[in-house]
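Take a look at the structure set out below.
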Protein chains: 2
Amino acid sequence: MVVFAGQGDPRRSMALLWRTEGGRGTDAKRGPGPRPALSVDVVVDAGIAVADAEGMAALSMRAVGERLGRTAMALYTYVPGKGELVDLMYDQVLAELPADYDLTAGWRAALTSWAEDTWAFSLRHPWVLQVSQARPVLGPNEYRAMEALLRVLYATELSPAVLRRVVGTLTHFVRGAVQTVAESRLAAASTGVSDEEWWPARSGVLAEVAPDFAERFPLLVGLETEGAAPVTDDAVPYLEREARTTFEVGLGVVLDGIEAAVARAR
Amino acid sequence: MVVFAGQGDPRRSMALLWRTEGGRGTDAKRGPGPRPALSVDVVVDAGIAVADAEGMAALSMRAVGERLGRTAMALYTYVPGKGELVDLMYDQVLAELPADYDLTAGWRAALTSWAEDTWAFSLRHPWVLQVSQARPVLGPNEYRAMEALLRVLYATELSPAVLRRVVGTLTHFVRGAVQTVAESRLAAASTGVSDEEWWPARSGVLAEVAPDFAERFPLLVGLETEGAAPVTDDAVPYLEREARTTFEVGLGVVLDGIEAAVARAR
DNA sequence: TGCAGTCTCCTTACGCCATAAAGTAATGTT
DNA sequence: AACATTACTTTATGGCGTAAGGAGACTGCA
């Protein structure tokens with residue numbers, strides 16, 4: 001369930017995202033009417049809490065309202081709609097990402113830190129992976145995070161034209177890798193069936209239903225038995241271990257590719 | 001809206017996916033009861049038609065039923081539920097992908113073809129990008145496509161351990177890159193606002209709401225003006241052009257990284 | 001002090017969604 | 001001819017986002 005950005009009045013959305021009047025926790029001067037018991041920030045935080053705990057699929061206006069002891073409709077006082085709420089939640093959590101990376105150990109080490117931070121961040125708030133990238137949210141923290149990545153990449157001294165694409169390459173890869181883990185956890189949580197239980201059940205049936213499997217897909221069968229990730233921690237499920245190794249090895253591959261581009265440009 | 005796989009009886013799901021009794025179009029021997037006017041294949045094709053035309057968000061049991069002149073509930077005769085229907089749709093379209101790649105020009109050229117085919121395929125059926133990868137569908141065509149990719153990758157003579165990860169690296173990257181285009185089209189179609197209209201509207205507001213933008217994000221602003229993709233075809237929207245260039249350049253970067261791994265292994 | 005205007009928050013309602021349950025009618029087998 | 005089985009329908013349940021309208025709280029002005 002990719003969730004799309006709020007499509008209402010751009011002026012209203014952007015004013016909320018970049019809301020500066022004192023920032024979080026300040027209440028602007030009041031006019032007539034009852035004093036608001038909530039605030040945009042409180043609503044956004046409640047949304048984040050719901051999404052963190054129950055996932056994006058469980059994020060409903062009713063659920064957020066309930067967490068605040070209010071009805072769903074009460075939220076519309078603070079936020080134009082669900083799309084905009086998600087935008088605000090997204091930009092809010094993005095504040096957790098570093099605004100700067102240490103470049104003294106070189107760009108490669110810095111990029112590794114960036115990828116590692118992004119990985120950890122995405123697992124802390126897995127629902128961010130379901131926010132569509134097509135129409136970016138354009139909030140301050142998204143820009144802040146992008147600026148941090150760019151600062152690292154400028155150290156490669158690659159041309160702007162290449163640099164632009166490297167940004168995409170890195171984010172696509174990291175996003176895809178961490179998404180595997182996030183979705184796997186989501187599936188386990190929402191079905192109550194762990195990967196460890198799910199996989200043997202399916203592959204057992206597979207053997208029944210496709211007895212000629214080994215002849216049809218020899219390379220696949222060969223690969224399945226070889227090259228699995230070593231078991232370093234039994235508490236980490238199989239699929240997550242595999243995904244983590246793919247992340248580490250794959251990141252190395254991508255960084256090697258960037259290095260090749262750097263060498264070629266020199 | 002990531003859509004998760006059907007979570008019902010694995011035996012039933014797998015039997016449907018690998019259904020062999022005559023394959024498409026054969027009707028099994030009949031018992032008592034009215035003769036079925038539809039079939040699993042017809043339902044799956046209708047689902048694909050709906051998803052291709054209107055997107056995953058518009059894929060409802062009602063919509064598919066309506067296309068077949070039936071109620072939503074009628075579909076449950078053929079398919080256990082929506083999740084399983086999506087699984088079947090997914091594996092069905094995957095049959096469009098080649099089962100083999102020409103390796104005479106080397107693995108690099110073959111991988112480029114693979115990436116290109118995956119790109120085109122994903123834009124033909126953008127909704128496949130919203131099928132969760134966490135609990136794979138495990139249908140015959142998914143395995144067929146994977147086997148084709150593996151055949152190419154075996155030509156690199158990398159160790160199985162590395163090869164496993166390279167599969168993930170490539171798929172993550174291609175998926176991420178094409179997803180940008182798919183979501184951008186989806187956003188344009190569902191809101192009626194093209195990227196060309198959307199972006200200036202937003203960035204205009206951005207300038208109002210964040211007058212200190214250029215000081216806060218100097219690298220970002222710098223990059224925005226430099227290194228844009230050259231305009232080769234005016235009919236292709238800006239964001240798609242950018243995404244396509246990212247795909248091409250990024251693929252080169254990843255392939256360079258694989259080449260580095262190959263060289264190191266030698 | 002009183003009242004008008006404004007604002008928060010509620011209830012109700014609409015039209016979607018997946019799917020459970022139960023009913024109707026058609027068909028093959030005995 | 002009776003019965004079991006099946007395709008398909010109608011109806012209902014409990015979710016969703018949010019439009020519309022109303023109740024009561026509060027400020028600012030007369």
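List of remarks:
- Test: A:Thr77 is near DNA strand C (Cβ under 9 Å from one of its atoms) and touching a helix residue (DSSP H, G or I) at 6+ places or on another chain (Cβ under 6 Å): no
- For first residues located in the range A:53-81 and outside the structural domain of A:Met14 (by TED's automatic domain parsing), partners that are modelled with pLDDT of 95 or more and lie 6+ apart or on another chain with Cβ distances below 7 Å do not occur.
- Residue count, the range B:71-125 (criterion: among the polar types (S, T, N, Q) and within 12 Å of the chain's Cα centre (by Cα)): 2
- For the range B:128-145, the tally of residues that are part of a helix (DSSP H, G or I) and more than 9 Å from chain A (Cβ to nearest Cβ) stands at 4.
- Test: residue in the range B:146-162 that is touching an Asp or Glu at 6+ places or on another chain (Cβ under 8 Å), buried (at least 21 other Cβ atoms within 10 Å of the Cβ) and either outside any helix (DSSP H, G or I) or within 7 Å of chain A (Cβ to nearest Cβ) (or both): no
Okay, residues lined up against (1) within 13 Å of chain B (Cβ to nearest Cβ); (2) closer than 30 Å to B:Tyr238 by Cα; (3) within 16 Å of DNA strand C (Cβ to nearest atom); (4) in contact with a Ser or Thr (Cβ under 9 Å, 6 or more places away or on another chain):
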{"position": "A:Gly33", "(1), (2), (3), (4)": "no, no, yes, no"}
{"position": "A:Leu38", "(1), (2), (3), (4)": "no, no, yes, yes"}
{"position": "A:Asp41", "(1), (2), (3), (4)": "no, no, yes, no"}
{"position": "A:Gly47", "(1), (2), (3), (4)": "no, no, yes, no"}
{"position": "A:Gly65", "(1), (2), (3), (4)": "no, no, yes, yes"}
{"position": "A:Met73", "(1), (2), (3), (4)": "no, no, yes, no"}
{"position": "A:Gly81", "(1), (2), (3), (4)": "no, yes, yes, no"}
{"position": "A:Leu97", "(1), (2), (3), (4)": "no, yes, no, yes"}
{"position": "A:Pro126", "(1), (2), (3), (4)": "yes, yes, no, no"}
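- Hits in the range B:16-25 (condition: within 15 Å of DNA strand D (Cβ to nearest atom) and either at pLDDT 90 or above or touching a Ser or Thr at 6+ places or on another chain (Cβ under 9 Å) (or both)): B:Leu16
- No other residue among B:Val128, B:Val137 is more than 13 Å from the chain's Cα centre (by Cα) and under 23 Å from A:Ala182 (Cα atoms) apart from B:Val137.
- In the range A:221-260, the qualifying residues are those that are acidic (Asp, Glu) and buried (at least 18 other Cβ atoms within 10 Å of the Cβ), and the one that is nearest to the other protein chains (Cβ to nearest Cβ) is A:Asp256.
- Residues that are small (Gly, Ala, Ser), at pLDDT 90 or above and under 28 Å from A:Gly252 (Cα atoms) are absent from the range B:184-198.
- Residues being outside any helix (DSSP H, G or I) and surrounded by fewer than 19 Cβ atoms within 10 Å (Cβ to Cβ) - total across the range A:90-124: 11
- Selection of the range A:210-224 for residues being closer than 24 Å to B:Arg11 by Cα and either among the polar types (S, T, N, Q) or modelled with pLDDT of 90 or more (or both) yields A:Ala210, A:Pro211, A:Asp212, A:Phe213, A:Ala214, A:Glu215, A:Arg216, A:Phe217, A:Pro218, A:Leu220, A:Val221.
- The residues listed here are B:Ala188, B:Ala182; of these, the one that is within 9 Å of chain A (Cβ to nearest Cβ) and in contact with a Leu (Cβ under 6 Å, 6 or more places away or on another chain) is B:Ala182.
- For the residues A:Asp52, A:Asp87, the requirement of being more than 10 Å from DNA strand C (Cβ to nearest atom), surrounded by fewer than 18 Cβ atoms within 10 Å (Cβ to Cβ) and assigned to a helix (DSSP H, G or I) singles out A:Asp52.
- Given (1) away from every other protein chain (no Cβ under 14 Å); (2) without any contact (Cβ under 8 Å) to a residue 12 or more places away in the chain; (3) away from DNA strand C (no atom under 16 Å from the Cβ); (4) touching a helix residue (DSSP H, G or I) at 6+ places or on another chain (Cβ under 9 Å), number of the condition A:Thr20 does not satisfy: (1)
- Residue among A:Val86, A:Val43 that is more than 30 Å from A:Leu251 (Cβ to Cβ), aliphatic (A, V, I, L, M) and within 14 Å of DNA strand D (Cβ to nearest atom): A:Val43
- Subset tally (residues that are closer than 18 Å to B:Thr112 by Cβ and without any contact (Cβ under 8 Å) to a residue 60 or more places away in the chain) for the range B:169-188: 4
- Candidate set from the range B:1-15 (those that are facing another protein chain (nearest Cβ under 9 Å) and at pLDDT 85 or above); member that is surrounded by the most Cβ atoms within 10 Å (Cβ to Cβ): B:Ser13
The values are calculated or read from the model by the stated rules, or taken from the named source; none is laboratory data. As the structure is a computational prediction, the values presented were derived from the model and not from experiment. So basically every Cβ, Gly included, is an ideal-geometry build from the backbone, and we count neighbours across all protein chains shown.
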